[in-house]
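The structure appears right after this line, and notes come after that.
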Amino acid sequence: MTFSDYLQFLLSGLTVGSTYGLTALGFTIIFNTTGIVNFAQGEFVMLGGMLGVFFLSGLGLPLPLALLLAVLATLLIGALMERLTIRPVQDAPVINLVIVTIGVSILVRGIVQIVLGKDTHALPPFTGSAPVSIAGAAVQPQSLWVLCITCGLLLLLRHFFSRTLWGKAMLACAFDRKAAFLAGIGVRRMVLLSFMISAAVGATGGVILAPLTMTSYDVGIMLGLKGFAAAVLGGLGNPFGAALGGLILGVLESFAAGLLSSAYKDAFTFVILLLLLFCKPSGLFGRRGFERV
Amino acid sequence: MLRLRNVDVLYGKVPALIRVSLHVRPGEIVALVGGNGAGKTTTLLAASGLVRPKDGEITFEGRDVSRLSPDRIVAAGLSHVPEGRLVWKPLPVEDNLRLGAFLRSGDAAGVARDLDEVYGLFPILAERRRQPAGTLSGGEQQMLAIGRALMARPRMLLLDEPSMGLAPAVTREIFSLIVRLRRERGLTVLLVEQNARMALRIADRGYVLETGRVILQGPADELLENRDVQRAYLGRDADAGDSPSH
């Protein structure tokens with residue numbers, strides 16, 4: 001093992017970790033406005049990739065347009081999910097709503113399987129596939145796209161939640177929902193908005209990772225679970241903890257695969273999740289960071 | 001200005017309000033007193049759209065509000081300062097105030113002016129504008145909650161237990177502010193209080209609620225003199241002293 005090997009693990013870990021981070025971010029945004037853990041979050045990631053494939057090779061649209069449409073379509077699906085499955089039962093206990101999201105995830109997976117098939121697809125990389133060499137480690141240009149887009153999204157969301165009135169209003173719904181109602185904030189609209197943002201963030205993760213890891217109708221399960229692990233790792237409720245949790249998880253997984261065996265890489269994630277839940281259930285960056293946002 | 005007619009509210013199968021009728025005229029301060037679980041808070045929640053009456057009529061300035069969403073009711077000019085203040089603790093004081101004007105986000109100049117005005121009313125909030133609201137004392141949080149409600153430019157304020165957990169001196173300060181808001185801005189107030197004596201002292205009229213029903217109503221000074229009210233809500237030494245009870 002040389003330095004460049006380690007660097008290789010680190011970079012591929014950060015790349016995969018970005019998707020976990022974006023999924024975790026999606027979990028966090030919905031959790032923060034509604035208290036719901038949305039187990040259909042992984043399906044948003046899957047939809048991003050699969051719809052991208054559909055718009056690109058099914059309809060023959062140019063790549064940038066296909067990807068943009070995939071994200072927008074997923075955003076719309078997120079909105080539909082809230083209107084059709086969450087809003088009608090919004091006064092039910094949160095645990096019921098969480099179960100509704102599991103139902104939605106199974107439904108979405110089923111529909112995609114029937115309509116778009118069971119095949120595994122890949123999107124073409126955004127700018128070629130000739131690896132770039134960074135200090136001896138070979139990096140796909142797509143990895144750089146993934147990292148840059150993830151960072152960009154994070155900064156955008158940070159700005160939204162800490163600088164804009166709408167972002168703060170969404171946080172206010174999470175901090176005290178009753179007070180939000182009484183202050184005249186349209187809480188229902190904020191919940192809808194949180195599903196739309198989460199869906200778009202998830203789909204973006206799916207779209208940028210699909211050229212590297214392939215996509216199919218069932219990738220959402222594993223991505224959803226890992227995104228959830230990342231969100232818990234970062235302290236559920238803390239957006240930047242969530243993103244960081246994703247990166248940490250991706251890097252750990254990549255080193256575990258490289259140094260031990262790639263057969264255990266998924267198990268590794270869940271061992272970490274279990275350990276964390278036993279030892280520090282509030283996550284690595286629990287409440288305190290949350291309040292500073 | 002605000003009128004409830006024969007309002008019934010159920011929590012599940014348990015009646016919380018039974019045929020409650022009351023009204024508040026423009027510019028009045030009306031006190032709603034009664035013991036724990038009498039339905040005082042429920043009355044306010046029904047007026048602001050957070051609980052739905054099963055039966056009866058709620059109008060604000062002649063308009064039926066019993067089916068309006070809470071944000072539409074705020075937009076109509078009726079703001080509610082909830083029990084326990086419910087400020088957004090992790091958010092800075094100033095964000096709490098600005099979010100109170102969420103519905104007026106198009107009117108930046110007006111919001112900035114009102115923000116200055118609230119800071120004028122509560123200079124301590126101006127000093128702490130960057131601090132998270134959770135770091136304020138109880139009295140300061142109550143001021144913030146009132147300030148937040150004022151940022152929506154209400155014509156009428158529903159105040160739920162503003163004195164709860166506050167030292168007597170702070171309570172007096174809050175109550176004199178309520179009187180001042182009525183005098184200077186013509187604000188109409190419906191005030192819910194366990195501290196019945198203090199509430200009735202600043203009020204024009206009062207209603208006494210017991211287990212979901214209005215059992216007594218009248219001018220505030222008459223209620224203060226009423227034997228039943230004295231025995232039940234003002235303490236036995238009612239006619240003797242000046243000191244705020246409870």
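The values are calculated or read from the model by the stated rules, or taken from the named source; none is laboratory data. What you see is a predicted model, and the numbers here were worked out from it, not measured in a lab. We place every Cβ from the backbone using ideal geometry, glycine too, and count neighbours over all the protein chains shown.
For the reader, a short list of remarks on this structure follows.
- Of the residues screened, B:LEU68 is not one that is over 21 Å from A:GLY167 (Cα atoms) and more than 14 Å from every other protein chain (Cβ to nearest Cβ).
- From A:SER4, A:SER12, residue being in contact with a strand residue (DSSP E or B) (Cβ under 6 Å, 6 or more places away or on another chain) and touching a residue at least 60 places away in the same chain (Cβ under 8 Å): A:SER4
- Residue in the stretch B:45-67 that is closer than 30 Å to B:ALA133 by Cβ, of a type in the set (S, T, N, Q) and under 14 Å from the mean Cα position of the chain (by Cα) present: yes
- The one condition in (1) within 30 Å of B:ASP95 (Cβ to Cβ); (2) hydrophobic (A, V, I, L, M, F, W, C); (3) more than 10 Å from the chain's Cα centre (by Cα) that A:LEU249 fails to fulfil: (1)
- Test: A:SER162 is touching a residue at least 12 places away in the same chain (Cβ under 8 Å), more than 29 Å from A:MET214 (Cβ to Cβ) and within 14 Å of chain B (Cβ to nearest Cβ): yes
- Any hit, the stretch A:273-285, residues being among the aromatic types (Phe, Trp, Tyr), surrounded by fewer than 21 Cβ atoms within 10 Å (Cβ to Cβ) and not in a helix (DSSP H, G or I): yes
- Residues (more than 18 Å from B:PRO154 (Cβ to Cβ), within 11 Å of chain A (Cβ to nearest Cβ) and surrounded by 12 or more Cβ atoms within 10 Å (Cβ to Cβ)) located in the stretch B:101-133: B:PRO132, B:ALA133
- Considered as a group, the residues in the stretch A:165-186 that are in contact (Cβ under 8 Å) with a residue 12 or more places away in the chain and within 8 Å of chain B (Cβ to nearest Cβ) include one that is farthest from the chain's Cα centre (by Cα), and that residue is A:ILE185.
- Every listed requirement among (1) outside any helix (DSSP H, G or I); (2) surrounded by 19 or more Cβ atoms within 10 Å (Cβ to Cβ); (3) modelled with pLDDT under 90 is met by B:ASP239 save one, (2).
- Residue within the stretch A:196-216 that is surrounded by fewer than 21 Cβ atoms within 10 Å (Cβ to Cβ), small (Gly, Ala, Ser) and part of a loop (DSSP other than H, G, I, E, B) present: yes
- Flag if A:LEU154 is touching a helix residue (DSSP H, G or I) at 6+ places or on another chain (Cβ under 8 Å), away from chain B (no Cβ under 14 Å) and not charged (D, E, K, R): yes
- Within this structure, B:ALA152 fails the test of being in a helix (DSSP H, G or I), in contact (Cβ under 8 Å) with a residue 40 or more places away in the chain and surrounded by 15 or more Cβ atoms within 10 Å (Cβ to Cβ).
Condition check ((1) within 19 Å of B:LEU68 (Cβ to Cβ); (2) small (Gly, Ala, Ser); (3) in contact with a Leu (Cβ under 7 Å, 6 or more places away or on another chain)) across all residues:
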| position | (1), (2), (3) |
| --- | --- |
| A:ARG163 | no, no, no |
| A:TRP166 | no, no, no |
| A:ALA169 | no, yes, yes |
| A:LYS178 | yes, no, yes |
| A:ALA183 | yes, yes, yes |
| A:VAL187 | yes, no, no |
| A:LEU193 | no, no, no |
| A:ILE197 | no, no, no |
| A:VAL201 | no, no, yes |
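- The residues of the stretch B:182-232 that are of a type in the set (D, E, K, R), in contact (Cβ under 8 Å) with a residue 40 or more places away in the chain and within 23 Å of B:ILE146 (Cβ to Cβ), listed by number, are B:ARG182, B:GLU193, B:ARG197, B:ASP204, B:ARG205.
- Residue in the stretch B:52-62 that is within 13 Å of chain A (Cβ to nearest Cβ), out of contact with any Pro (no Cβ under 9 Å at 6 or more places or on another chain) and not charged (D, E, K, R) present: no
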